[in-house]
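Participant: First the structure, which I've put down as structure tokens, then a few questions once you've had a look.
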Amino acid sequence: MAASSQTLYIKGDKNKEVTKNEVLMGDIVSMECADQNIVNRLKSICILKMPEGGRQRAVISVLKIISVIHEIYPNLTVENLGETDMIVTREEQKKHGKAYYILKSSMVLLITFIGAAYSIMSFNNDVGASELFKQIYVLVTGKTSDGFTILEVTYCIGMSVGILIFFNHFGRKRFSVDPTPMEVEMRTYEDEIQVTLIDEYSRKEQEIDVDTPDHIGSHRG
């Protein structure tokens, strides 16, 4: 079947990590076409070359990808189902020993634990939780609190259970299939960074688009 009667569907994510200097079209977009020969040929086309030791991130417009496709298949219909702008980041694969990851995880856990404990203590001190518990204890029992009563115990247990329920996570166990609030916040943070990077590259006219010279966004192997 001729390429002129075919439709190629492409889909790219907003952020894509690669490990090579030469970025192939198949590395950054997924493609589907009734003629698999078209897909196989386009996957091997070099769409971007990153210099050694230079800029390790690039923003490429889907129009650049479509223009490269039309250079090879001028009459091919291309349907974009993904992002209009994509961030391509070259990451070198660094291998570390098991001790490195254990030390790194321990440091993160320690900092998180100290920060969370300080925040809880500061909150309790600001609202005067201990004084409030003493007053409630006197009102209910008529006795003076010694600072460690059933109120403090249940408050600590309730806070621990509330944290576990809120974060929907304990060790490797999830209480439901929903993402945790931390995962939601991290995803929101990543999305904001990606939008900012795309806007920054576009504002500085560093985005690889259809009018970008070949020495910046070369697709010729």
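Participant: Go through segment 157-187 and count every residue that is of a type outside the set (Lys, Arg) and either touching a Leu at 6+ places or on another chain (Cβ under 8 Å) or farther than 25 Å from Lys14 by Cα (or both).
Facilitator: We begin by selecting, within segment 157-187, every residue of a type outside the set (Lys, Arg); these are 157-171, 175-186.
From what is left, the residues that are either touching a Leu at 6+ places or on another chain (Cβ under 8 Å) or farther than 25 Å from Lys14 by Cα (or both) are 157-171, 175-176.
Number of matching residues: 17.
Participant: Going by the structure shown, is Ile120 β-branched (Val, Ile, Thr) and at pLDDT 85 or above?
Facilitator: Working: β-branched (Val, Ile, Thr): yes; at pLDDT 85 or above: no.
Considered against the rule, which asks whether it is β-branched (Val, Ile, Thr) and at pLDDT 85 or above, Ile120 comes out as no.
Participant: Across segment 82-107, what is the total count of residues that are assigned to a helix (DSSP H, G or I) and surrounded by 10 or more Cβ atoms within 10 Å (Cβ to Cβ)?
Facilitator: Filtering segment 82-107 down to residues assigned to a helix (DSSP H, G or I) leaves 98-107.
From the residues that got through so far, the ones that are surrounded by 10 or more Cβ atoms within 10 Å (Cβ to Cβ) too are 100-107.
The number of residues fulfilling the criteria is 8.
Participant: Can I ask one more? What number of residues within segment 55-76 are assigned to a loop (DSSP other than H, G, I, E, B) and surrounded by 15 or more Cβ atoms within 10 Å (Cβ to Cβ)?
Facilitator: Initial filter on segment 55-76 (assigned to a loop (DSSP other than H, G, I, E, B)): 55-56, 73-76.
Filter once more, so that each one left must be surrounded by 15 or more Cβ atoms within 10 Å (Cβ to Cβ): 56, 73, 76.
Qualifying residue count, segment 55-76: 3.
Participant: Further question on the same structure: Considering every residue within segment 108-123, establish whether at least one is touching a residue at least 60 places away in the same chain (Cβ under 8 Å) and not aliphatic (A, V, I, L, M). Outline the logic, then answer.
Facilitator: Step one: list which residues in segment 108-123 are touching a residue at least 60 places away in the same chain (Cβ under 8 Å), which gives none.
There is no residue in segment 108-123 that is touching a residue at least 60 places away in the same chain (Cβ under 8 Å) and not aliphatic (A, V, I, L, M).
Participant: Okay, next question. Listed residues Glu17, Glu52, Glu79; which is surrounded by fewer than 17 Cβ atoms within 10 Å (Cβ to Cβ), within 26 Å of Val195 (Cβ to Cβ), more than 24 Å from the chain's Cα centre (by Cα) and not small (Gly, Ala, Ser)?
Facilitator: Matching residue, one of Glu17, Glu52, Glu79: Glu79.
Participant: Taking segment 115-134 on its own, how many of its residues are in a helix (DSSP H, G or I) and surrounded by fewer than 12 Cβ atoms within 10 Å (Cβ to Cβ)? Write out each step before concluding.
Facilitator: Initially, segment 115-134 is screened for residues in a helix (DSSP H, G or I), giving 115-127, 129-134.
Narrowing further to those that are surrounded by fewer than 12 Cβ atoms within 10 Å (Cβ to Cβ): 115-119, 121-123, 125-127, 131.
Count: 12.
Participant: Okay, next question. Lys43 is checked against (1) more than 25 Å from Glu190 (Cα to Cα); (2) at pLDDT 85 or above; (3) out of contact with any Gly (no Cβ under 7 Å at 6 or more places or on another chain) and fails just one. What number does that condition carry?
Facilitator: Lys43 satisfies every listed condition except (3).
Participant: Right, next: Of all the residues that make up segment 148-174, how many are surrounded by 10 or more Cβ atoms within 10 Å (Cβ to Cβ), modelled with pLDDT under 80 and not β-branched (Val, Ile, Thr)? Walk me through it before giving the result.
Facilitator: Going residue by residue through segment 148-174, those that are surrounded by 10 or more Cβ atoms within 10 Å (Cβ to Cβ) are 149-170, 174.
After this cut, where a residue has to be modelled with pLDDT under 80 as well, the list is 163-170, 174.
The next check asks that each one be not β-branched (Val, Ile, Thr); those that pass are 164, 166-170, 174.
The qualifying residues number 7.
Participant: Now for a different question. Within segment 164-185, work out how many residues are under 17 Å from Ala116 (Cα atoms), out of contact with any Phe, Trp or Tyr (no Cβ under 9 Å at 6 or more places or on another chain) and in a strand (DSSP E or B).
Facilitator: Number satisfying all stated conditions: 1.
Participant: Then there is this: Kindly indicate whether Ile38 is surrounded by 18 or more Cβ atoms within 10 Å (Cβ to Cβ) and under 18 Å from Asp209 (Cα atoms). Talk me through it step by step, then tell me what you get.
Facilitator: Working: surrounded by 18 or more Cβ atoms within 10 Å (Cβ to Cβ): yes; under 18 Å from Asp209 (Cα atoms): no.
For Ile38, the condition - surrounded by 18 or more Cβ atoms within 10 Å (Cβ to Cβ) and under 18 Å from Asp209 (Cα atoms) - is not met.
The values are calculated or read from the model by the stated rules, or taken from the named source; none is laboratory data. All figures in this text were calculated on a predicted structure; none of them were measured in a lab. No Cβ is skipped: glycine too gets one built from the backbone with ideal geometry, and neighbour counts run over all protein chains shown.
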